[in-house]
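Below: the structure, in structure tokens.
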Amino acid sequence: MSLNDIVFIALAGITLLAALGVVLSRNIIHSALFLVLTFLGVAGIYFQLNAGFVGLVQIMVYAGAISVLIIFAIMLVMDVEPDQTNLFNQSTPTIMAGGYVSVLLAAGLAGAIWFTKWPLSAVQVGDQGVEKLAGMLLGPYVVSFEVAAILLLVAVFGAILLAKGVEDK
Amino acid sequence: MIGLAHYLIFASLLFGIGMFGVLSKRNAIAVLMSVELMLNAVNINFVAIEKFVTPGTGLGHTIALFVIVVAAAEVAVGLALIISIYRHKKSVNLNDFNLLKW
Amino acid sequence: MEHFFVNTAHALVAWLTGLGLAPGWADLILLVVQWIAVIIIVILNITVLIWLERKVSGFIQQRLGPNRLGPFGMFQTIADAIKLLTKEDIVPSQTDRMIFKTAPMVFIIISVMLYVVIPMGDGMEIVDLNVGLFYFISIGSLSTIALLMAGWGSNNKWSLLGGMRSVAQMISYEIPLAFSLLGVVMITGSLRMSDIVAAQSNIWFVVLQPIAFITYFISATAELNRGPFDMPEAEQELTSGAYTEYTGMRWALFFLAEYTNLVAVSALMATVFFGGWQGPWLPSWLWIIIKTYLILNVFFLIKWTFPRIRMDHLMSFSWKFLIPVSLANILLTGAGIEVLMRMGW
Amino acid sequence: MYGTGLLKGLGITLKHTFEREITQQYPEQMPVLPARFRGNLQLDFQDCIACEMCTKVCPNGVLSLESVRDDKTNKKKLMSYSIDFQYCMYCNFCVENCPKHCLHFDHNFELAAYDRENIKKVYQRPQELVTDLPEEIVAAEEKNQKRISVMIGALQKDAPKILGKLLEDEEKGKVLAAALASDQDKLEKIAVMMVEDIEKAKKVAGALANKAAKDHPKEGNVVA
């Protein structure tokens with residue numbers, strides 16, 4: 001086992017446990033904090049996959065901004081005991097069905113992945129930093145890039161309008 | 001030896017956990033968080049395939065960045081919607097949002 | 001003298017590989033050793049720094065500052081540390097225990113992680129990431145989580161208000177912070193710290209990017225929750241905000257992390273705007289220490305000069321002034337680079 | 001222009017940084033006090049004519065004095081003068097009204113004490129001035145001193161009996177005697193009290209006996 005493998009197993013374990021924490025916590029604040037841990041674990045996986053920039057974007061956008069947004073929203077809508085904010089659905093069949101579908105899906109996907117012959121590339125390339133990404137984003141994908149920027153702007157406007165509500169005149 | 005398949009299986013497990021959350025949680029914000037888990041799982045796929053299948057093209061990283069952007073927009077609007085609904089119904093329980101007309 | 005630390009590190013790696021260790025493991029051990037060294041240096045540095053701040057604030061108010069323990073009161077911080085260590089460790093009964101206990105650790109870990117990319121001298125980065133500057137910004141943005149955890153976990157209105165305030169403030173000021181560094185990145189064409197330092201061998205970026213420097217300075221002060229932007233602590237309004245319920249070593253960890261952040265931000269400022277470790281005569285690692293300490297003194301002077309400003313003024317200053325100014329700076333820098341390139345530089 | 005005020009403020013603090021410190025290192029470096037600073041109240045015992053102007057004018061009843069009249073010269077002689085400093089508010093009335101200028105405030109401001117007793121300051125007539133008094137008073141004083149020393153001797157010799165008589169309870173007397181055997185100061189105080197004011201002595205001795213009984217309950221039984 002190389003160092004790389006150990007790091008992957010540790011990161012994947014932490015991430016999956018944290019993801020389970022997100023789903024299974026009864027306190028939604030704990031869920032949100034586990035979510036931060038999941039994001040950080042995924043960022044670690046990105047670093048391991050030689051995608052440093054994407055990992056840092058993940059940390060900055062997800063762990064630094066989105067999770068804070070979620071926690072703020074939680075604090076705005078919380079009005080019961082903290083320990084009962086994140087319960088499962090009341091009806092057991094729903095939970096059972098959800099669990100069944102999820103396990104089936106994960107197992108099916110895993111099986112499909114394991115038995116697929118992937119067209120692996122023989123070339124090994126290290127972390128290329130931002131130059132390649134910049135070339136892609138401002139070259140062939142410049143339209144998508146601009147559309148994404150506009151999407152963000154529209155989303156910000158929409159979020160502010162929705163959250164602020166219509167004032168009574 | 002860890003290879004592409006391990007990364008993808010890890011991603012599919014994460015996706016499954018997220019899906020379970022989406023299907024079985026009562027709190028709307030918890031469902032949103034589970035959706036984020038699923039989006040992250042998908043992103044891992046892009047980045048892993050970039051490394052093992054198409055190294056050096058930057059394609060997977062680019063798409064991963066777009067996914068992150070869309071996820072950020074989605075969370076912002078989704079949370080605003082939840083807050084807006086909460087203001088009317090005083091609840092974030094998804095079982096209470098069963099009306100077809102406002 | 002110049003390459004003392006670098007040579008020591010090389011010697012360590014050579015010794016380890018000589019023992020029959022694989023190069024990857026030797027590098028890992030070197031990394032751990034470097035990080036432990038950084039942590040020790042940071043903590044020792046902070047004991048001096050706390051003493052220095054008290055001394056400087058005393059001088060500003062024409063007092064003497066601490067002068068009882070040791071020469072010039074230098075052992076005051078050590079005495080304080082002993083006092084904090086021996087204090088009863090109180091966890092209030094209604095707190096969210098897990099969050100309450102982990103918050104200070106998260107905060108200190110994040111602030112120590114900032115030092116990974118800062119070049120402490122010629123070739124003295126722990127890791128010379130090709131996205132070094134971006135690493136600094138994004139890791140720095142994580143400390144909001146720790147404050148939010150402290151504020152929520154304390155189960156106290158003031159703490160929660162302080163935590164929310166600090167998070168709102170830090171998120172707002174992160175944007176001008178990142179934007180102000182973008183001008184430098186545009187000129188350098190790289191996010192790598194060593195490239196940024198190398199680009200300043202002729203002229204410091206504080207001369208080329210004065211607007212970026214000012215916006216960086218202001219938003220860094222706000223990002224550090226330091227006076228005059230110390231709204232989250234605001235003793236008079238919030239009974240010290242998110243830290244209200246903390247005592248003893250947990251509180252000390254927060255305090256330590258704040259100073260660690262302060263030193264990291266000052267070192268980054270020295271690296272990005274004041275030529276980093278470059279300087280004549282003295283060894284490079286001494287230069288960055290001197291520059292960092294000079295910047296720290298400016299931070300002290302600012303904290304002890306200006307009164308705290310109001311929360312809404314703080315927020316509107318960021319959104320309505322700093323962000324437009326830093327955006328305009330990016331535009332100006334881009335136009336300048338284009339013009340100079342057309343002129344054939 | 002925006003920001004000039006901020007720079008000006010920074011300049012001011014920077015300027016003050018390099019100015020001389022104005023802090024005084026108090027215990028090592030005593031403050032230079034103004035001439036009319038009111039610290040501790042002092043009395044020149046010799047000059048006092050016991051006119052009681054100060055005690056009458058004092059708004060808080062801080063001052064009190066004892067005096068005797070010398071029948072030959074028809075003048076008062078000061079015996080003792082006490083200043084209960086905890087009530088003093090430094091109004092300076094006593095000093096202003098003293099016809100002989102024998103009261104004055106000095107510059108000592110370290111007046112803190114560990115208990116109330118020590119705040120009170122009592123001037124007794126000094127030994128060299130005792131002869132200055134009328135003869136019968138001197139004689140009475142000498143007699144008193146003699147009686148006290150006799151009493152101390154008696155107490156040292158046979159404390160349980162005397163104390164038992166004083167307390168009208170032999171058990172208590174024994175207990176108190178055992179407690180006082182190691183405390184010569186208290187024993188002498190009780191002796192003085194017994195000579196000067198027997199009622200007070202009874203009260204104090206009773207209280208002490210009760211306390212002693214509480215501290216060492218039935219010592220004999222424990223030993224047995």
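The values are calculated or read from the model by the stated rules, or taken from the named source; none is laboratory data. Given the structure is predicted, the values throughout are model-derived calculations rather than measurements. All Cβ positions, even for glycine, are placed from backbone atoms using ideal geometry, and neighbour counts span all protein chains on display. What goes into the accessible areas is simple: the full protein's heavy atoms, side chains included, and nothing from ligands, DNA or RNA. Shrake-Rupley method; radii C 1.70, N 1.55, O 1.52, S 1.80 Å.
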* Structure fact -> Rounded to the nearest Å, the spacing of the alpha-carbon centers of region D:20-44 and region C:181-199 is 61
* Structure fact -> Looks like region A:1-87, by Cα gyration tensor root eigenvalues a ≥ b ≥ c and the a/c under 1.5 rounded cutoff (else prolate when a/b is bigger than b/c, oblate otherwise), is oblate
* **C:Ala328/C:Met186 FRET efficiency (R0 22 Å; Cβ-Cβ; nearest 0.05)** => 0.95
* To do: Assuming R0 = 35 Å, can you tell me the calculated FRET efficiency for the pair A:Gln90 and C:Thr102, based on Cβ-Cβ distance, to the nearest 0.05?
  => 0.65
* **Within region C:170-197, backbone nitrogen closer than 17 Å to the virtual label 7 Å beyond the Cα of C:Ile337 toward Cβ** => C:178-197
* Spin-label pair D:Tyr90/D:Glu171, simplified geometry with 7 Å Cα→Cβ offset, distance in nm -> 5.5
* To do: For region C:1-86, report the translational diffusion coefficient in µm²/s to the nearest whole number, using Stokes-Einstein at 4 °C, 1.567 mPa s, and a Kirkwood Rh over Cα pairs.
  => 82
* To do: Whole number please: convex hull volume per residue, Cα atoms of region C:126-187, in Å³.
  => 74
* Asked: Which angle between 0 and 90 degrees, to the nearest 10, do you get for helix D:184-196 versus the longest principal axis of chain D when only C-alpha atoms count?
  -> 70
* Estimated buried accessible area (total), pair B and A, 1.4 Å, Å² to nearest 100 -> 6800
* Asked: Where the only charges are on Cβ atoms (+1 Lys, Arg; -1 Asp, Glu), what is the dipole of chain A about its Cα centre, to the nearest 20 debye?
  -> 300
* Asked: Taking a ≥ b ≥ c as the square roots of the eigenvalues of the Cα gyration tensor of chain A, is the shape rounded (a/c under 1.5), prolate (a/b larger than b/c) or oblate?
  -> oblate
* Structure fact -> Whole-Å distance linking the alpha carbon centroid of region D:2-18 with that of region C:25-74 is 27
* Let me know the volume per residue of the alpha-carbon convex hull for region D:41-128, in Å³. => 108
* To do: Per DSSP H run of n ≥ 4, the term is -39500 (n - 2.57); total these for chain C, divide by its residue number, and report the mean residue ellipticity at 222 nm rounded to 500 deg cm²/dmol.
  => -22500 deg cm²/dmol
* Structure fact -> Each label sits 7 Å from Cα toward the beta-carbon; between D:His104 and A:Leu24 the label points are separated, in nm, by 8.7
* Structure fact -> Hull volume per residue for region C:244-284, using the convex hull of the C-alpha atoms, in Å³ is 71
* Asked: Quick one: longest stretch of chain C between exposed loop trypsin sites (Lys or Arg not before Pro), exposed meaning at most 14 other C-beta atoms within 10 Å and loop per DSSP?
  -> C:88-309
* To do: Please find the FRET efficiency linking C:His10 to A:Ser2, where r is the Cβ-Cβ separation and R0 is fixed at 22 Å, and quote it to the nearest 0.05.
  => 0.35
* Structure fact -> Expected integer from the mean partner chain Cβ neighbour count at 10 Å over C:159-165 is 1
* Compare C:Tyr216, D:Tyr90, A:Tyr100, D:Tyr123 by solvent-accessible area with a 1.4 Å probe and give them largest first, with all protein chains kept in place. => A:Tyr100, D:Tyr90, D:Tyr123, C:Tyr216
* Asked: Can you give the extra length, in nm with one decimal, that the chain gains between D:Leu6 and D:Ser182 once fully stretched, where that is 0.36 nm per residue apart less the Cα-Cα distance?
  -> 56.1 nm
* Asked: Which three semi-axes in whole Å describe the equivalent ellipsoid of region C:41-138, each the square root of 5 times a Cα gyration tensor eigenvalue, listed largest first?
  -> 30, 26, 12
* Asked: Of the residues C:Ile40, C:Ile109, C:Ile330, which exhibits the maximal mean-square fluctuation in a Gaussian network model of chain C defined by a 10 Å Cα contact cut-off?
  -> C:Ile40
* Asked: Based on the alpha-carbon gyration tensor of region C:126-251 and its eigenvalue square roots a ≥ b ≥ c, which shape applies: rounded if a/c is under 1.5, prolate if not and a/b is larger than b/c, or oblate?
  -> prolate
* Simple spin-label model, 7 Å along Cα-to-Cβ: D:Tyr26 to D:Asp47 in nm? -> 3.1
* Would you work out the charge dipole size for the protein assembly as shown about its Cα centre, treating the Cβ of every Lys and Arg as +1 and the Cβ of every Asp and Glu as -1, and quote it to the nearest 20 debye? => 1000
* To do: Rank D:Phe93, D:Phe85, D:Phe18 by mean-square fluctuation in a GNM of chain D with C-alpha springs under 10 angstrom and give only the top-ranked residue.
  => D:Phe18
* Only Lys, Arg, Asp and Glu count, each charged at its Cβ (+1, +1, -1, -1), so figure out the dipole size of region C:1-86 about its Cα centre, rounded to 20 debye. => 520
* Structure fact -> The cysteines in the protein assembly as shown that find no other cysteine Cβ closer than 4.7 Å to their own Cβ are D:Cys48, D:Cys51, D:Cys58, D:Cys88, D:Cys91, D:Cys98, D:Cys102
* Structure fact -> Per residue of A:133-143, other chain Cβ atoms within 10 Å number on average 3
* Pull out the extension gain between D:His16 and D:Ser64, defined as 0.36 nm times the separation in residues minus the alpha carbon to alpha carbon distance; nm, one decimal. => 12.2 nm
* **In sequence order, calculated HN-Hα J values of region D:88-104 (Karplus, 6.51, -1.76, 1.60; Hz; x Gly/Pro)** => 5, 10, 6, 7, 6, 4, 4, 5, 5, 8, 6, x, 9, 6, 9, 9, 7
* Asked: Alpha carbon centre of region C:100-154 versus region A:10-77: separation in Å?
  -> 16
* Asked: For peptide A:125-132, how many partner chain Cβ atoms fall within 10 Å of a residue's Cβ, on average?
  -> 6
* Could you list the square roots of 5 times each eigenvalue of the Cα gyration tensor of region C:210-343, that is, the equivalent ellipsoid semi-axes, sorted largest first and rounded to whole Å? => 31, 23, 11
* Asked: Most mobile of A:Ile74, A:Ile150, A:Ile45 per a Gaussian network model of chain A (Cα springs, under 10 Å)?
  -> A:Ile150
* Structure fact -> quick shape note, region D:135-216: Cα extents on principal axes in Å, largest first -> 48, 22, 19
* Once the mean 1/r over all distinct Cα pairs of chain B is inverted, what Kirkwood radius in angstroms do you read off? -> 15.3
* Asked: Which residue, chosen from B:Leu59, B:Val77, B:Asn45, occupies the Cα position most advanced towards the positive end of the dipole of chain B, where the dipole is computed from +1 (Lys, Arg) and -1 (Asp, Glu) charges on Cβ about the Cα centre?
  -> B:Val77
* Where the eigenvalues come from the Cα gyration tensor of chain C, what are the semi-axes √(5λ) of the equivalent ellipsoid, largest first, in whole Å? -> 32, 28, 21
* Asked: Using bins 5 angstrom wide from zero, how does P(r) for chain D break down, in % of all Cα pairs?
  -> 1, 5, 9, 11, 10, 10, 10, 10, 8, 7, 5, 3, 2, 2, 2, 2, 1, 1, 0, 0
* Structure fact -> Once the dipole of the protein assembly as shown is set up from charges on Cβ (+1 Lys and Arg, -1 Asp and Glu), the residue from the list C:Tyr115, A:Ala159, A:Ala122 lying farthest towards its positive end is A:Ala159
* Calculate the radius of gyration of the Cα atoms of the protein assembly as shown to one decimal place, then report Dmax, the largest Cα-Cα distance, as a whole number, both in Å. => 39.6, 133
* Rounded to two decimals, what is Rg over Rh for region C:90-170 when you use alpha-carbon atoms and the Kirkwood radius? -> 1.13
